[in-house]
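Peer 1: One structure, as structure tokens, below. Some questions next.
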Amino acid sequence: MAGYTATNLVAIAAANRAFGLGLTARGIALGELVSAVTHYAADRREHGLLPRAARRLGKGGFLDRGGAPLLDQAWHHVANAISAGITATASPEPTLRGVEQPCVHRN
């Protein structure tokens, strides 16, 4: 999990710098914290959150017939979307480098 999170941090920081996304260290850290925690919770295989929840919801047969990887991937897609949303919303509104911003005068 540490390697996955470190790789994400490097990639997000590089994209933020290269494209001037305007993400803050706080936003990136919060998003990656959510990503790491949700991935850890899901990836604990038979003792993790997903298998237990599926069995409690009566979907144990789905897991037994090979559905665990599909459930895992669906979970990761949702968790990554939530993490990205947190990263973006915990950062100020992005500005484009080299693009003059309109000046708004208030009386």
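Bear in mind that the values in this text are calculations on the coordinates, not laboratory data. What you are looking at is a predicted structure, and each value in this text was computed from that prediction instead of being measured. So basically every Cβ, Gly included, is an ideal-geometry build from the backbone, and we count neighbours across all protein chains shown.
Peer 1: Could you go through region 47-53 in sequence order and give the Karplus-derived ³J(HN,Hα) for each residue, using 6.51 cos²θ - 1.76 cosθ + 1.60 with θ = phi - 60°, rounded to whole Hz, and x for Gly and Pro?
Peer 2: Listing the rounded values in order: 9, x, 5, 5, x, 5, 5 Hz.
Peer 1: What distance in nm lies between label points placed 7 Å from Cα along the C-beta direction at residue 4 and residue 24?
Peer 2: Label at residue 4, label at residue 24, 2.8 nm between them.
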